[in-house]
Amino acid sequence: MKLLVAFFRLVRSLNLLFIVISQLLFHYCIVVPVFQQANAPLPLSMPLFILLILSSVFIAAAGYIINDYFDRNIDQVNKPRKLVVEKIINRRWAILWHMGLSLLGIMLSFYIAWKTKAWWLAPVNTGCVIALWFYSTTFKRKLLSGNILISLLTAWVVLVVGFLVHYLVIIDPGSYPGVNASKLMRLTFLYGGFAFIISLVREVIKDIEDMQGDERYGCRTMPIVWGVQSSKVFVATWLVVLIAALIIVQAYVLPFRWWWSAIYCVTVVITPLIYILRKLFRAASRADFHHLSSWVKLVMLTGIISMVFFKLYS
């Protein structure tokens, strides 16, 4: 039992659940209404969609494992109580699990690409596996490059569903008459952009939180190179951009009488972001930044859940 619990900690089971929820919500709340409005069939069958989710989960789980594999020394400083690799799970088993899950994710991607004729899916998801490896070995320790890479991969969780469905529509438009493909892409980029920015904010906050261990082992993350205050300004800038963008979106939907959507967004997305922004410059201790990181993660969840309103108002 101890080994099983350790494995679920190693693969960040809650984060994997978040991936599943994100893709399910995007499919049922964004994709399905677009096709229902046109009385058109869905281009991606349920079995293939489930396989797409599994490929995302396997690739992400493999990424978490390889990250902990290479971060063992740093984690001994930053989070010794949460250490799993070598302390509970042997390093050899960790690398084998990484390889096995990566291979499963890639194989599923090739199968989906073959069945849907979306040729680009297999090499892109294979590229995600490679990117996660190099993130763990190199980019994580570099200024900003690792933060941007992880934020792009986080956005890809949503983008891959929207891109795949959109691609299946444009290669066979006769089978999906009346489908508003441009609306689908707008919503795909809306949530993909949200995921990118909120992930970038959290990554930099986590870098500030983990400065002690990162600096000891020669990492060149933003707070180490630029300093904590400059990193706070960077985070604050993106928070302001995100808050402004969300306010603009609410101003856009209000004429359509999406009252509950606006109330939800202001209450549990925008207001917490303002709270994070206010607390950011007062934060000083590692506990302060951990608190902020937890709040950002909560906003990621509430932001993704807002997809439900596109289903309610469709």
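Determine which single condition Ala62 fails, assuming it passes every other condition in (1) out of contact with any His (no Cβ under 7 Å at 6 or more places or on another chain); (2) part of a helix (DSSP H, G or I).
Condition (1) is where Ala62 drops out.
Mind listing whichever residues of the range 298-309 are within 10 Å of Ile276 (Cβ to Cβ) and crowded, with 21+ Cβ neighbours inside 10 Å?
Applying the first criterion (within 10 Å of Ile276 (Cβ to Cβ)) to the range 298-309 yields 298-299.
Scanning the range 298-309 gives a single hit, Val299.
Could you list, in sequence order, all residues of the range 230-272 that are closer than 25 Å to Leu143 by Cβ and of a type outside the set (Ser, Thr, Tyr)?
Residues of the range 230-272 that are closer than 25 Å to Leu143 by Cβ, as a first pass: 230-242.
Matches in the range 230-272: Lys232, Val233, Phe234, Val235, Ala236, Trp238, Leu239, Val240, Val241, Leu242.
Which members of the range 1-41 meet the condition of being in contact (Cβ under 8 Å) with a residue 40 or more places away in the chain, outside any helix (DSSP H, G or I) and either surrounded by 15 or more Cβ atoms within 10 Å (Cβ to Cβ) or among the aliphatic types (A, V, I, L, M) (or both)?
Just the residues of the range 1-41 that are in contact (Cβ under 8 Å) with a residue 40 or more places away in the chain, to begin with: 2-3, 6-7, 9-12, 15-16, 18-19, 21-23, 25-41.
Okay, now just the ones that are also outside any helix (DSSP H, G or I), so 11-12, 38-41.
Scanning the range 1-41 gives Val11, Arg12, Ala38, Ala40.
Residue check: is Lys117 basic (Lys, Arg) and in contact with a Gly (Cβ under 8 Å, 6 or more places away or on another chain)? First the steps, then the outcome.
Working: basic (Lys, Arg): yes; in contact with a Gly (Cβ under 8 Å, 6 or more places away or on another chain): no.
In short, no.
Can you tell me which residues in the range 275-297 are exposed (fewer than 14 other Cβ atoms within 10 Å of the Cβ), modelled with pLDDT of 95 or more and not small (Gly, Ala, Ser)?
To start, the set of residues in the range 275-297 that are exposed (fewer than 14 other Cβ atoms within 10 Å of the Cβ) comprises 275, 278, 281-282, 284-285, 287, 294.
Next, only the ones that are modelled with pLDDT of 95 or more stay: 275, 278, 294.
Within the range 275-297, Tyr275, Arg278 meet the criteria.
Looking at (1) at pLDDT 90 or above; (2) among the aromatic types (Phe, Trp, Tyr); (3) not in a loop (DSSP other than H, G, I, E, B), which is the only condition Trp119 fails?
(3)
Residue check, Thr237 against (1) closer than 19 Å to Glu209 by Cα; (2) more than 22 Å from the chain's Cα centre (by Cα), all met but one. Which one?
(2)
Determine which member of the set Gly192, Gly213 is surrounded by 16 or more Cβ atoms within 10 Å (Cβ to Cβ), modelled with pLDDT under 95, closer than 22 Å to Ser294 by Cα and not charged (D, E, K, R). Before you say what the answer is, go through the steps one by one.
Details: Gly192 fails: modelled with pLDDT under 95.
Gly213 is the lone residue from the list that is surrounded by 16 or more Cβ atoms within 10 Å (Cβ to Cβ), modelled with pLDDT under 95, closer than 22 Å to Ser294 by Cα and not charged (D, E, K, R).
Scan the range 229-236 and tell me whether some residue there is free of Cβ contacts under 8 Å to residues at least 60 places away in the same chain and in contact with a Cys (Cβ under 8 Å, 6 or more places away or on another chain).
First, the residues of the range 229-236 that are free of Cβ contacts under 8 Å to residues at least 60 places away in the same chain: 229-236.
After this cut, where a residue has to be in contact with a Cys (Cβ under 8 Å, 6 or more places away or on another chain) as well, the list is none.
Scanning the range 229-236, I find no residue that is free of Cβ contacts under 8 Å to residues at least 60 places away in the same chain and in contact with a Cys (Cβ under 8 Å, 6 or more places away or on another chain), so the answer is no.
Of everything in the range 10-64, what is under 16 Å from Ile112 (Cα atoms) and among the β-branched types (Val, Ile, Thr)? Give them in sequence order.
Across the range 10-64, the qualifying residues are Ile50, Ile53, Val57, Ile59.
The values are calculated or read from the model by the stated rules, or taken from the named source; none is laboratory data. Note that this is a predicted model, so its numbers are computed, not measured. Because the Cβ atoms are built from the backbone with ideal geometry, glycine has one as well, and the counts that use them run over all protein chains shown.
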